[in-house]
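Novice: Before anything else, here's the structure in question.
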Amino acid sequence: MKSRIRSGSVSNRFASACLVALLLLLSAGWAQAEQFERVGDYKIHYSAVNTSFLTPEVASANNIQRSKVLALLNVSVREQLENGEDRAVNATVNGQVSNQAGQAQSLSFRRVQDGEAIYYLSTFRIQPDEPMKFELDVTYDANQPPAEVNFIQRFYIDP
């Protein structure tokens with residue numbers, strides 16, 4: 001299931017703009033501190049949010065099911081350049097998420113590119129008010145071993 005946003009129509013440009021705005025919020029760690037791992041000259045940004053927070057337009061444009069029991073994990077990799085700027089980097093992201101009982105779900109990521117921005121998205125089922133443990137392997141350089149990114153996040157499901 002590949003989802004590509006074409007910039008040809010107004011509705012696609014609107015959906016693309018909504019996605020970029022959402023992903024910027026997620027990348028900034030919406031409602032919490034920015035979440036990233038620094039590995040040398042690279043930053044691996046990550047954030048997860050319940051898919052019910054997505055607008056219907058963004059969800060539809062990116063083939064994401066909106067649901068109170070599904071969440072979206074967004075991962076992006078940025079390389080710090082010598083001039084102080086950074087740029088998006090192609091990567092491979094693999095991983096799993098598990099609950100406290102150790103029940104694991106494999107995460108299947110798909111690449112989304114909007115202009116120069118590159119994101120890796122995966123959806124997964126969540127448990128109400130239960131910490132979820134994420135274990136990711138992010139390959140950003142074919143000459144380096146994958147970076148391990150691990151974090152725990154609790155999700156709340158509104159009635």
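The values are calculated or read from the model by the stated rules, or taken from the named source; none is laboratory data. If you're wondering where the values come from, they're calculated on a predicted model, not measured in any experiment. Every residue, glycine as well, gets a Cβ built from its backbone with ideal geometry; the counts of neighbours run over all protein chains shown. Heads up: the accessible areas ignore ligands, DNA and RNA and are worked out on the full protein's heavy atoms, side chains in. Shrake-Rupley method; radii C 1.70, N 1.55, O 1.52, S 1.80 Å.
Novice: Considering Arg78, Arg110, Arg87, which residue is at pLDDT 95 or above, among the charged types (D, E, K, R) and within 27 Å of Tyr156 (Cβ to Cβ)?
Specialist: Details: Arg78 fails: within 27 Å of Tyr156 (Cβ to Cβ); Arg87 fails: within 27 Å of Tyr156 (Cβ to Cβ).
Every option except Arg110 fails the conditions.
Novice: Here is a further query. Given the conditions (1) within 16 Å of the chain's Cα centre (by Cα); (2) under 24 Å from Asn150 (Cα atoms); (3) free of Cβ contacts under 8 Å to residues at least 60 places away in the same chain, and given that Ser98 satisfies all but one, which numbered condition is not satisfied?
Specialist: With (1) within 16 Å of the chain's Cα centre (by Cα); (2) under 24 Å from Asn150 (Cα atoms); (3) free of Cβ contacts under 8 Å to residues at least 60 places away in the same chain applied to Ser98, the lone miss is (1).
Novice: Of the residues Ala88, Ala117, Ala104, which is surrounded by fewer than 21 Cβ atoms within 10 Å (Cβ to Cβ), touching a residue at least 40 places away in the same chain (Cβ under 8 Å) and touching a strand residue (DSSP E or B) at 6+ places or on another chain (Cβ under 6 Å)? Give the derivation first.
Specialist: On the way: Ala88 fails: touching a residue at least 40 places away in the same chain (Cβ under 8 Å); Ala104 fails: touching a residue at least 40 places away in the same chain (Cβ under 8 Å).
Answer to the check: Ala117.
Novice: Against the condition within 14 Å of the chain's Cα centre (by Cα) and either modelled with pLDDT of 95 or more or part of a helix (DSSP H, G or I) (or both), how does Arg66 come out, does it pass? Step through it out loud before you land on a result.
Specialist: Details: within 14 Å of the chain's Cα centre (by Cα): no; either modelled with pLDDT of 95 or more or part of a helix (DSSP H, G or I) (or both): yes.
For Arg66, the condition - within 14 Å of the chain's Cα centre (by Cα) and either modelled with pLDDT of 95 or more or part of a helix (DSSP H, G or I) (or both) - is not met.
Novice: Out of all the residues in region 127-140, is one or more in contact (Cβ under 8 Å) with a residue 60 or more places away in the chain, in a loop (DSSP other than H, G, I, E, B) and under 23 Å from Asp86 (Cβ atoms)?
Specialist: yes
Novice: Related question: Exactly one of (1) outside any strand (DSSP E or B); (2) closer than 15 Å to Thr139 by Cα; (3) open to solvent by less than 60 Å² (accessible area, probe 1.4 Å) is unmet by Val58. Its number?
Specialist: Only one criterion in (1) outside any strand (DSSP E or B); (2) closer than 15 Å to Thr139 by Cα; (3) open to solvent by less than 60 Å² (accessible area, probe 1.4 Å) is unmet by Val58, namely (2).
Novice: Please determine, by comparing only the residues of region 69-85 that are surrounded by fewer than 16 Cβ atoms within 10 Å (Cβ to Cβ) and charged (D, E, K, R), which one is nearest to Val112 (Cα to Cα).
Specialist: Top of the filtered list is Glu79.
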